[in-house]
Amino acid sequence: METAENSRIAVVTGAGSGIGRAVALELMRAGWSVALAGRRTGTLEETAGLAPEGASASVAVRTDVSRPEDVAALFAATVDRFGRVDLLFNNAGTFGPGGVPVEELSYDAWRHVVDTNLNGAFLCAQAAFRQMKEQDPRGGRIINNGSVSAHTPRPHSVAYTATKHALTGLTKSLSLDGRPYGIAVGQIDIGNAATDMTERMRGGVLQANGSVTPEPVMDVADVARTVRHMAELPLEANVQFATVLATTMPYVGRG
């Protein structure tokens, strides 16, 4: 077990790329020890290798968040290595097949998005609750990655939008159930952070009026700093919901 006095321990899912990678690196630079979870060991090791000299320790744990046994192994490996869990950033997710009308979406595609985005978030939160209730000192924080799709959909995004709306309910319920145990739960809703997943925004994406229009993006580092701010609040304070988006993206109002 590698723990240091006053160290803070985080589990970041989807840590092999995009927002998860940016958040993991931001936390490590700030002195957090991080368990990097994702489906591909190679990309997790790449994330670890990007940490600057002097950053805190990390451990890569191959994890499919839709599999209960993988999630149990992730938290066991984290506690074995670092001794406790202070933060879960519940970030793993998938958009699913893009541009598919609802009547053409296969059940397998729907199920994959639900298993990853919703069931995976629940399994990780459940494992975090179990650990945070029993550790000494008790408590911790969970931050769910919601998306602006937790508020309003894009065309042809029924599976992704449904799971992100469901995450808002999960966040509220977990926040209430965590109160007696010092577990704070919040959600960050992100719009158009510059990652591989949003690269298509620059070339143009379908809008509600049927047009295809390029959309602005923001630096993913701004998202990472926001998550770090939420994570480093004392447990007596909580950011319940935060929305961070590219300022001029077509979201507020009519576009």
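Laboratory data are not the source of any read-out in this text; all were calculated from the coordinates shown. Keep in mind the model is a prediction, meaning the values are calculated, not measured. No Cβ is skipped: glycine too gets one built from the backbone with ideal geometry, and neighbour counts run over all protein chains shown.
Based on alpha-carbon centroids, what's the gap between region 160-176 and region 99-130 in Å, whole number please?
Using only Cα atoms to place each centre, the spacing works out to 12 Å.
With θ set to phi - 60° and the Karplus curve 6.51 cos²θ - 1.76 cosθ + 1.60, what are the ³J(HN,Hα) couplings of region 212-225 in order, to the nearest whole Hz, using x for Gly and Pro?
Coupling constants for region 212-225: 10, 9, x, 10, x, 10, 10, 5, 4, 4, 5, 5, 4, 5 Hz.
Going by a ≥ b ≥ c, the root eigenvalues of the Cα gyration tensor, does region 43-102 fall in the rounded group (a/c under 1.5), the prolate group (a/b larger than b/c) or the oblate group? All intermediate terms of the calculation are to be shown ahead of the outcome.
Values: a/c = 2.74, a/b = 1.54, b/c = 1.78.
Since a/c reaches 1.5 but b/c is at least a/b, the shape of region 43-102 is classed as oblate.
Once amide H atoms are placed 1.01 Å from N in the peptide plane, what residues at a sequence separation of 5 or more from Ala35, or on another chain, have their amide H within under 5 Å of its amide H?
Sorted by chain and number, the residues that satisfy this are Ala10, Val11, Val12, Val59.
Suppose R0 equals 25 Å. What FRET efficiency, 1/(1 + (r/R0)^6) with r the Cβ-Cβ distance, do Ser7 and Asp222 give to the nearest 0.05? All intermediate terms of the calculation are to be shown ahead of the outcome.
Details: r = 26 Å, r/R0 = 1.04.
After rounding to 0.05, the efficiency reads 0.45.
In Å, what Kirkwood hydrodynamic radius results for region 1-136 from the alpha-carbon pair distances? Don't jump to the answer; show the numbers that get you there.
Values: mean 1/r = 0.0654 Å⁻¹.
Taking the inverse mean of 1/r over all distinct Cα pairs, region 1-136 comes out at 15.3 Å.
With 10 angstrom as the radius, rank Leu206, Leu176 by how many other C-beta atoms surround their C-beta, starting from the fewest. Kindly include the intermediate steps, with their values, before the conclusion.
Numbers: Leu206 15, Leu176 10.
Ordered by Cβ neighbours within 10 Å, fewest first: Leu176, Leu206.
For region 159-165, take each phi angle, set θ = phi - 60°, evaluate the Karplus expression 6.51 cos²θ - 1.76 cosθ + 1.60, and give the result in whole Hz per residue in order, putting x for glycine and proline.
Karplus-based 3J(HN,Hα) across region 159-165 equals 5, 4, 5, 4, 5, 6, 4 Hz.
Need the full-extension length gain, Val252 to Arg138, defined as separation in residues times 0.36 nm minus the C-alpha distance. One decimal, nm.
Here the segment from Val252 to Arg138 would lengthen by 37.1 nm.
Assuming a viscosity of 0.890 mPa s and a temperature of 25 °C, what translational diffusion coefficient in µm² per second does Stokes-Einstein assign to region 99-205, Rh being the Kirkwood radius over Cα pairs? Provide the component values of the computation, followed by the final result.
Values: Rh = 15.3 Å.
It comes out at roughly 161 µm²/s.
Restricting attention to region 127-207, which trypsin sites (Lys or Arg not before Pro) occupy a DSSP loop and are surrounded by at most 16 other Cβ atoms within 10 Å? Please report the intermediate quantities before stating the final value.
Numbers: sites: Arg130, Lys133, Arg138, Arg141, Lys164, Lys172, Arg200, Arg202; in loops: Arg138.
Sites meeting the loop and neighbour criteria: Arg138.
Which one of Gly146, Gly178, Gly98 has the biggest mean-square fluctuation once the chain is modelled by GNM with Cα springs under 10 Å?
Judging by the Gaussian network model, the answer is Gly98.
Provide the percentage of antiparallel DSSP beta bridges, counting only those with both residues in the chain; round to the nearest 5. Before the final figure, lay out each step's value.
Working: 2 of 32 bridges.
Of all bridge pairs located within the chain, approximately 5 percent are antiparallel.
First check a/c for region 149-222, with a ≥ b ≥ c the square roots of the eigenvalues of its C-alpha gyration tensor; if it is under 1.5, answer rounded, and if not, answer prolate when a/b is larger than b/c or oblate otherwise.
On the way: a/c = 4.08, a/b = 1.92, b/c = 2.13.
Oblate shape, in that a/c is at least 1.5 and b/c is the bigger or equal ratio.
Scan region 46-116 for GluC sites (Glu not before Pro) in coil per DSSP, keeping those whose Cβ has at most 11 other Cβ atoms within 10 Å, and list them by number. Before the final figure, lay out the partial values.
On the way: sites: Glu46, Glu53, Glu69, Glu103, Glu104; in loops: Glu53.
Hits after loop and neighbour filter: Glu53.
Evaluate the distance, in nm, between pseudo-label points positioned 7 Å from the Cα of Leu50 and of Glu103 along their respective Cα→Cβ axes.
In this crude spin-label approximation the distance works out to 4.2 nm.
Compute the distance from the alpha-carbon center of region 189-255 to that of region 34-85, in whole Å.
About 25 Å separates the Cα centre of region 189-255 from the one of region 34-85.
For a quick check: with amide H placed at 1.01 Å from N, whose amide H comes under 5 Å from Asp189's, ignoring anything fewer than 5 positions away on the same chain?
Gly146, Ser147, Ala242, Thr243, Val244
Which loop-located GluC sites (Glu not before Pro) does region 165-255 contain, where loop means any DSSP state but H, G, I, E or B and the Cβ has at most 10 other Cβ atoms within 10 Å?
Numbers: sites: Glu199, Glu232, Glu236; in loops: Glu199, Glu232, Glu236.
Within region 165-255, the qualifying GluC sites (Glu not before Pro) (loop, at most 10 other Cβ atoms within 10 Å) are Glu199, Glu236.
State, to one decimal in nm, how far the label point of Arg40 lies from the label point of Arg130, with both points 7 Å from Cα in the Cβ direction.
Going by the 7 Å Cα→Cβ label model, 3.0 nm.
So what is the diffusion coefficient of the chain in µm² per second by Stokes-Einstein at 37 °C and 0.692 mPa s, using a Kirkwood Rh over Cα pairs? Each step should come with its number before you reach the end.
On the way: Rh = 18.4 Å.
So the translational diffusion coefficient is about 178 µm²/s.
Multiply the residue separation of Glu69 and Phe122 by 0.36 nm, subtract the distance between their alpha-carbon atoms, and state the gained length in nm to one decimal. Show your work: numbers first, answer last.
Values: separation 53, 0.36 × 53 = 19.08 nm, distance 1.34 nm.
Full extension of this stretch gives 17.7 nm more.
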